Amino acid sequence: MRILFCIALLFAAVPSVQAELVYDVFYRAAGVDGIGSAVLNVAPDETIRGVEVILRETATNSETSPLGTGGLRGYAIELQSSTPGSFENGAYNSSFQFPATGNDGDTFSAFNFAGGTAGVEVAANTVELSLGTVDLIGPTLGNQIQFSLADFSPSVDNFVLANNVALDDVINFGNTLTLASITAIPEPSSFALIGTLGSVVLLRRRRR
């Protein structure tokens, strides 16, 4: 009896190991993932086409992925930028049955009546689902535009898995992507040409 009691105490003292699922939404532009505070240098007034809005699920321990198996039943997300009018050609994920978009692609919302749209495993314990694509209009010379994402309506469950579990409270909406327009730096060949021209000018002045 004492042995059983000791075993029971031992199991009670061992913490249960549960896999933690982490969810992020972010922009993916030109191969750059807007995780954290990412910066992408662009030409002045350049428009980056087909930027994806990604929902990523990461498991810290081995566990069946609800996003990769049952999938996402519905979502509603707001696209935000520090400069108004920086979005064009928004297109939701057409795998959902009943999609809708907001003004000029700055809102994505879609849902399925039955089942969900599954994500794709891109690495071990990492599943991604594209919520849609949008064109980002870059800044003028020497300026920056920051792009962020927000829950469409914080008081409502907008991200719901196929098993009817809501994700809104566990999704990280704090990731940003900044498009920065910088002054072009001359190439080494350009520096050489400038140096040659300068030498010619000096020689002419000396001859005079």
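The values are calculated or read from the model by the stated rules, or taken from the named source; none is laboratory data. Since we're looking at a predicted model, the values are computed, not measured. Ideal geometry is used to build each Cβ from the backbone, glycine not excepted, and the neighbour counts take in all protein chains shown. Protein only, heavy atoms only, side chains kept; ligands, DNA and RNA dropped before computing areas. Shrake-Rupley method; radii C 1.70, N 1.55, O 1.52, S 1.80 Å.
To put it simply, the accessible area of the range 44-116 at a 1.4 Å probe is 46 percent carbon and sulfur. Considering the zone a paramagnetic label at Val122 would reach in this model (a point 7 Å from Cα along the Cα-to-Cβ line), which residues of the range 29-54 have amide N under 13 Å from it? Under 13 Å, as judged by backbone N against the label point of Val122, lie 29-36, 51-54 of the range 29-54. The residues of the range 41-179 have, on average, 46 Å² of accessible surface per residue, using a 1.4 Å probe with all protein chains present.
Using a/c under 1.5 as the rounded threshold, could you call the range 34-101 rounded, prolate or oblate? The axes a ≥ b ≥ c are square roots of the C-alpha gyration tensor eigenvalues, and prolate needs a/b larger than b/c, oblate otherwise. Oblate is the answer for the range 34-101, as a/c is 1.5 or above yet b/c matches or exceeds a/b. With a 1.4 Å probe rolled over the protein heavy atoms of all chains, the accessible area of Glu57, Glu52 falls in the order Glu52, Glu57, largest first. Computing Rg and the Kirkwood Rh from the Cα coordinates of the range 84-151 gives a ratio, Rg/Rh, of 1.06. Straightening the chain between Ile182 and Val165 buys 1.7 nm, computed as 0.36 nm per residue apart minus the Cα-Cα spacing. Distance between the C-alpha centres of the range 67-97 and the range 31-57: 14 Å, rounded to the whole angstrom.
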